[in-house]
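Written out below as structure tokens is the structure these notes cover.
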Amino acid sequence: MKYHTIDELLSNNQSWVSEKLALDAKYFDKLADGQKPPFLYIGCSDSRLPLTNFTRTEPGELFVHRNIANQVSLTDINFLAVLEYAIFHLQVKHIIVCGHYDCGGIKTALEGRSTGIIDSWVNPIRELYLHNQGEINAIPTREARLNRLAEINVLAQVKNLYQTSIIRKALHEQNAPTIHGWVLDIKTGLIKDLNVSTVQWQLPSCPLFAKPSLVTMPEIHPTDGVAGCCCEEATKSG
Ligand SMILES: [Zn+2]
């Protein structure tokens with residue numbers, strides 16, 4: 001590691017600011033104007049993967065949510081708040097779920113290395129393995145098995161996005177962002193686009209948001225009796 005002390009980080013900050021200002025004297029004035037990022041990035045907390053570095057993006061271009069093994073958890077209020085803000089306030093055009101090879105969260109899920117809270121957090125990945133163990137167990141090497149599970153995990157998280165009421169509402173309002181599934185290969189630095197087809201998960205007419213159809217009730221006049229009621233027949237015959 002190159003840096004170990006807090007003072008080094010603060011010193012780096014000052015030199016970085018100086019370099020930015022040398023290139024563009026208004027750089028921070030523009031940043032202070034507010035944010036309108038086109039992308040929401042959902043990634044792993046792993047320190048090796050700041051997507052800004054891998055995509056040459058600048059501050060203000062990626063709205064970010066990261067957690068261990070890039071989970072789209074339907075019960076994580078933190079994540080759901082990020083998603084709602086990204087879509088309905090920032091109006092991002094793209095959501096990127098980006099997993100990575102050599103992911104500690106994937107290893108923990110597959111090999112049961114950890115106990116405690118992390119164990120619970122990665123349990124959905126263990127479920128994914130169980131659902132796909134035929135395919136995964138047939139892969140010859142440990143590394144390739146872990147990498148394939150990392151890809152399956154990304155597909156599952158993209159699918160999970162379509163199960164949130166937030167994305168369904170956006171689909172219903174026809175302003176849903178395009179969702180992408182990526183995996184970053186730490187060994188090469190390259191991003192692999194999994195080209196996830198999301199059509200089957202898009203439910204723009206989800207019953208949750210469909211307008212209820214109005215049932216027209218027939219007008220009832222006091223002299224009509226009750227249409228279709230058994231009492232009517234009973235009255236006529238009696
Ligand atoms: Zn990871």
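Read the figures in this text as sums done on the coordinates, not as results from a lab. Only a predicted model underlies this, so the values are computations on that prediction, with no experimental measurement involved. Positions of Cβ are backbone-derived with ideal geometry, glycine not excepted, and every protein chain shown enters the neighbour counts.
Brief remarks on what is shown
- Residues PHE79, PHE54 arranged by fewest to most Cβ contacts within 10 Å: PHE54, PHE79
- Residues of type lysines that LYS192 reaches as a straight line, Cα spacing below 24 Å, ignoring anything fewer than 8 places off in the same chain: LYS93, LYS107, LYS159
- For a modelled paramagnetic label at ASP24, 7 Å from Cα along Cα-to-Cβ, the residues of segment 52-89 in reach, with backbone nitrogen under 15 Å, are 56-62.
- In Hz, Karplus ³J(HN,Hα) per residue of segment 77-85 (6.51, -1.76, 1.60; θ = phi - 60°; x = Gly, Pro): 5, 4, 4, 5, 5, 4, 4, 5, 5
- Summed side-chain charge close to GLU61 - residues other than GLU61 whose Cβ falls under 13 Å, Lys, Arg +1, Asp, Glu -1: +3
- Per-selection metrics, segment 80-161 (Cα): Rg and Dmax in Å: 14.7, 46
- Label separation (GLN163 vs GLN133): 2.0 nm, computed from points 7 Å beyond Cα along the C-beta direction.
- Within-13-Å neighbourhood charge of ALA156 [Cβ basis; K, R +1; D, E -1]: +1
- Remark: the ILE118-SER197 segment gains 25.4 nm on full extension, using 0.36 nm per residue and subtracting the alpha carbon distance.
- For ASN132, the shell of other residues with beta-carbons less than 15 Å away shows a net charge of +1, using +1 for Lys and Arg and -1 for Asp and Glu.
- Amide H contacts of TRP182: VAL97, CYS98, GLY99, LEU194, each under 5 Å away and 5 or more positions distant or on a separate chain (H built 1.01 Å from N in the peptide plane; Pro and chain starts excluded).
- Using the average count of surrounding beta-carbon atoms within 10 Å as a protection proxy, the listed peptides 164-177, 86-99 rank, highest first, as 86-99, 164-177.
- Fully extended contour minus Cα-Cα distance, from GLU173 to ALA81, at 0.36 nm per residue: 31.2 nm
- Panel order for LYS26, LYS2, by other beta carbons found within 10 Å of each beta carbon, from fewest to most: LYS2, LYS26.
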